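Participant: Below you'll find the structure I mean.
The values are calculated or read from the model by the stated rules, or taken from the named source; none is laboratory data. All figures in this text were calculated on a predicted structure; none of them were measured in a lab. Virtual Cβ from ideal backbone geometry, glycine too; neighbours counted across all protein chains shown.
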Amino acid sequence: MATYAIGDLQGCYDEFRLLLDHIKFDDSCDHLWLVGDLVSRGPQSLAVLRFVKNLGKQAITVLGNHDMHLLAVSQGNRSHYKDDSLDQVLAAPDRDELLYWLRHRPLLHYSKKKNYVLVHAGFPPEWDLAMAMKYANEVEQVLRGDEFSELMKDLYGNQPNQWSNELTGINRWRFIINCFTRLRYCHPNGVLNLKEKGPLGSQPAELLPWFEVPHRLSAKERIIFGHWSTLGLVTRNNVWALDTGCLWGGQLTALRIHKRKPMSVIQIDCPNIANPLRYK
C-alpha cells in the first residue's frame, strides 16, 4: 500500500493517467493526495473530476483556486476565463452530482498518522496547524451549507490582506480562502501580497514566500502544496511544492509519502502541453 501526493492537474487527464501508470497506482490499496486545481485550463476537466470522484476514499483532494472558480461560475456569479475548460463540466448530465462532491472537498487535510499536511497554496505566518485546521473547517461548513451562494457571490478580492480574529462574515471567509488557495508571497509581518506570481527572486525585496517568513507558526509542520508553477519543485525545510507546470509543458510530479523515510519524487514530462495556445 502506497500513498502519493500529486501536483496541480488543471484538466490534464491524459498526463494524470500516464503518471498513475508510471507509478503503478493500484486503486484497490494505494491512496492519492491531490493538491487541488483539478480543473480549468487543461482540455479534460470533466474527465479529471469524474475519475477522482470515482476513486472514493482512495483519493483525497483539497480545494484550489480554480476549483473555487468553477463553483462560483456554477452559481452564475462569475464569468469563465477565456482559456478554461469548464463548459464541459457545467453542461454534463452529472453536473450537479460533481459540483456537490466538489463543494464537500476540504481546504486542508492533515494526517496525524503520517504527520503531513496537504493544502493548495499555504498558511499565513500567524497560523499554527491547530488554527489552520479550525479556520479550514469553519469555511468548509459554509461551502456545504445554506450560505454557499452568498460566499460565491463575494468570493473574489484581495482584501482583507492581514489576519485578525476580529474579522467576521464574508471578509473572514475570503481571507481564509485566499490563504489556502491563492497565497504565494507575503510581508514579514503577515500582510498578504496576492498579485505577485513569479519565481523566487522576481518579487519586490520586501516580500517573502510564505514558507520562508521567519518565525512562522507552522514551521514545524510538514506541508505539501501546489499552486505555484513558477516556483517549481521544492523539497526543503519541511515543505514540498509540487506544481511543476504540467499545464505549461513542464512536468507532472508525484511524491511518495513515507512516515519516516525520505520521500521519493517521481515525474513525467508533459510534452503534449508544451504550447499553452492549444487551450485558447
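Participant: I'd like the full set of residues that are out of contact with any Lys or Arg (no Cβ under 9 Å at 6 or more places or on another chain) and surrounded by 13 or more Cβ atoms within 10 Å (Cβ to Cβ), limited to region 138-148.
Facilitator: Answer for region 138-148, where residues must be out of contact with any Lys or Arg (no Cβ under 9 Å at 6 or more places or on another chain) and surrounded by 13 or more Cβ atoms within 10 Å (Cβ to Cβ): V142, E147.
Participant: Which of the residues that make up region 126-171 are under 17 Å from S218 (Cα atoms) and not polar (S, T, N, Q)?
Facilitator: Of everything in region 126-171, those that are under 17 Å from S218 (Cα atoms) and not polar (S, T, N, Q) turn out to be E126, W127, D128, L129, A130, M131, A132, M133, K134, Y135, A136, W163.
Participant: From the set of residues in region 30-43 that are part of a loop (DSSP other than H, G, I, E, B) and at pLDDT 95 or above, which is nearest to F16 (Cα to Cα)?
Facilitator: Only one residue tops the list, namely L38.
Participant: In region 120-134, how many are in a helix (DSSP H, G or I) and touching a Leu at 6+ places or on another chain (Cβ under 9 Å)?
Facilitator: 4
Participant: Turning to a different aspect of this structure: Kindly check whether there is at least one residue in region 136-154 that is free of Cβ contacts under 8 Å to residues at least 24 places away in the same chain, in contact with a helix residue (DSSP H, G or I) (Cβ under 8 Å, 6 or more places away or on another chain) and in a loop (DSSP other than H, G, I, E, B).
Facilitator: yes
Participant: What residue, of L255, L217, L192, L208, is at pLDDT 95 or above, crowded, with 17+ Cβ neighbours inside 10 Å, in contact with a Phe, Trp or Tyr (Cβ under 7 Å, 6 or more places away or on another chain) and within 24 Å of G157 (Cβ to Cβ)?
Facilitator: L208
Participant: Let me ask something else about it. Any residue in region 1-22 that's of a type in the set (S, T, N, Q): show its pairings with residues that are at pLDDT 95 or above and assigned to a strand (DSSP E or B) at Cβ separation under 6 Å, as long as the two are six or more apart or on different chains.
Facilitator: Once the first residue is of a type in the set (S, T, N, Q) and sits in region 1-22, its partners that are at pLDDT 95 or above and assigned to a strand (DSSP E or B) give T3/H31.
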